[in-house]
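Heads up, the thing below is written out as structure tokens.
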Amino acid sequence: MDQSLYENIGDPQVAVPNVRRDHRCHAIVEHGILMQQSGCTVSALEYLKARGVAPEVIRRVLLEPQRRRAQS
């Protein structure tokens, strides 16, 4: 395992983009992605917003699928 991914967690100056810290949010986002894949992008957007997912995360997962994190 690459320790360099974890050595600066908690340091606000260092972005660690591929480390999930919030498993509840992960489950919500995954459900939103499934909603979008079944043809309901507006419903997915509303679902994610209603559950407090950050706007930048919603934008990334719904509009830029190539930037989604790998499945864990």
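Could you look through region 32-45, keep only residues that are assigned to a helix (DSSP H, G or I), free of Cβ contacts under 8 Å to residues at least 12 places away in the same chain and not aliphatic (A, V, I, L, M), and pick out the one that is most open to solvent (accessible area, probe 1.4 Å)? Outline the logic, then answer.
Kept after step one, since they are assigned to a helix (DSSP H, G or I), are these residues of region 32-45: 32-37, 41-45.
Now restrict to residues that are free of Cβ contacts under 8 Å to residues at least 12 places away in the same chain: 34, 37, 42-43.
With not aliphatic (A, V, I, L, M) added as a condition, the list becomes 37, 43.
Numbers: Gln37: 126, Ser43: 56 Å².
Checking each candidate, the answer is Gln37.
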Count - residues of region 46-72 that are touching a residue at least 24 places away in the same chain (Cβ under 8 Å) and open to solvent by less than 60 Å² (accessible area, probe 1.4 Å): 5
Close pairs from region 19-31: first of a type in the set (D, E, K, R), partner modelled with pLDDT of 85 or more and in a helix (DSSP H, G or I), Cβ under 6 Å, at least 6 apart: Arg20/His26
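The values are calculated or read from the model by the stated rules, or taken from the named source; none is laboratory data. Model, not experiment: these values are computed from the prediction. Neighbour counts are summed over all protein chains in view; Cβ atoms, including those assigned to glycine, are modelled from backbone coordinates with ideal geometry. Ligands, DNA and RNA are stripped out before the accessible areas are found, and what is left, the full protein with its side chains, is counted by its heavy atoms. Shrake-Rupley method; radii C 1.70, N 1.55, O 1.52, S 1.80 Å.
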